[in-house]
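Enquirer: One structure, pasted below without further comment.
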Amino acid sequence: MTLYLLSINQPQGELLPEPEFLAGVMRQVGELRDELTSAGSWVFGQGLHGPETSTVLRPLDGEVLITDGPFVEGKEYLGGVTIIDVPDLDAALHWGRRYALATTLPIEVRPFQGGAGD
């Protein structure tokens with residue numbers, strides 16, 4: 001089995017989806033989590049607060065500079081993560097597709113280093 005990160009990329013700016021739409025998304029994501037748990041493939045998953053809540057620690061001349069806000073400006077930001085343990089990339093892509101359809105957002109699928117394929 002190999003660990004994969006499914007990262008949910010959200011567009012920058014205010015997202016004000018209809019409450020019914022958001023409730024449907026959360027229901028579908030919950031169902032996916034239940035399926036992954038039943039399959040023994042669920043490791044961890046959680047949404048993140050917006051990039052404006054981040055704190056960046058940057059090494060500078062032997063010290064560490066602390067600043068508020070995101071590291072880079074961009075059109076998208078990391079909105080949440082799910083870590084799964086599946087046999088191969090095909091299985092990870094299967095779950096990634098399902099998350100993309102459920103959330104209507106781009107999903108990046110990436111293996112962790114040190115897995116079976118390394």
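The values are calculated or read from the model by the stated rules, or taken from the named source; none is laboratory data. This one's a predicted model, so the numbers in the text were calculated from it and none came from an experiment. Neighbour counts run over all protein chains shown; Cβ positions are idealised from the backbone, glycine included.
Enquirer: Residues to consider are 105, 65; find the one that is at pLDDT below 95, farther than 17 Å from residue 4 by Cα and within 12 Å of the chain's Cα centre (by Cα).
Expert: 105
Enquirer: Do the conditions hold for residue 48, that is, is it of a type outside the set (Phe, Trp, Tyr) and surrounded by 12 or more Cβ atoms within 10 Å (Cβ to Cβ)?
Expert: Against the criterion (of a type outside the set (Phe, Trp, Tyr) and surrounded by 12 or more Cβ atoms within 10 Å (Cβ to Cβ)), residue 48 qualifies.
Enquirer: Looking at 74, 47, 40, which one is in contact (Cβ under 8 Å) with a residue 40 or more places away in the chain and out of contact with any Pro (no Cβ under 9 Å at 6 or more places or on another chain)?
Expert: Going through 74, 47, 40 in turn, the sole match is 40.
Enquirer: May I ask you to say which residue of 22, 3, 65 is part of a strand (DSSP E or B), aliphatic (A, V, I, L, M) and loosely packed, with under 15 Cβ neighbours inside 10 Å?
Expert: From the options 22, 3, 65, the qualifying one is 65.
Enquirer: I'd like to verify a number: residues in the range 35-52 that are assigned to a helix (DSSP H, G or I) and either over 13 Å from residue 84 (Cβ atoms) or polar (S, T, N, Q) (or both), how many?
Expert: The total comes to 4.
Enquirer: Scan the range 94-110 residue by residue and report those that are hydroxyl-bearing (Ser, Thr, Tyr) and either part of a strand (DSSP E or B) or surrounded by 18 or more Cβ atoms within 10 Å (Cβ to Cβ) (or both).
Expert: 99, 103
Enquirer: Is it fair to say residue 69 is at positive phi and in contact with a Ser or Thr (Cβ under 7 Å, 6 or more places away or on another chain)?
Expert: Taking the combined requirement at face value, the residue satisfies it.
Enquirer: Test residue 55 against the stated conditions and say whether it is among the hydroxyl-bearing types (Ser, Thr, Tyr) and under 19 Å from residue 4 (Cα atoms).
Expert: no
Enquirer: Another question, then. Take the residues in the range 36-55 that are more than 28 Å from residue 66 (Cβ to Cβ) and among the aliphatic types (A, V, I, L, M), then tell me which one is farthest from the chain's Cα centre (by Cα).
Expert: Among those that are more than 28 Å from residue 66 (Cβ to Cβ) and among the aliphatic types (A, V, I, L, M), it is 39.
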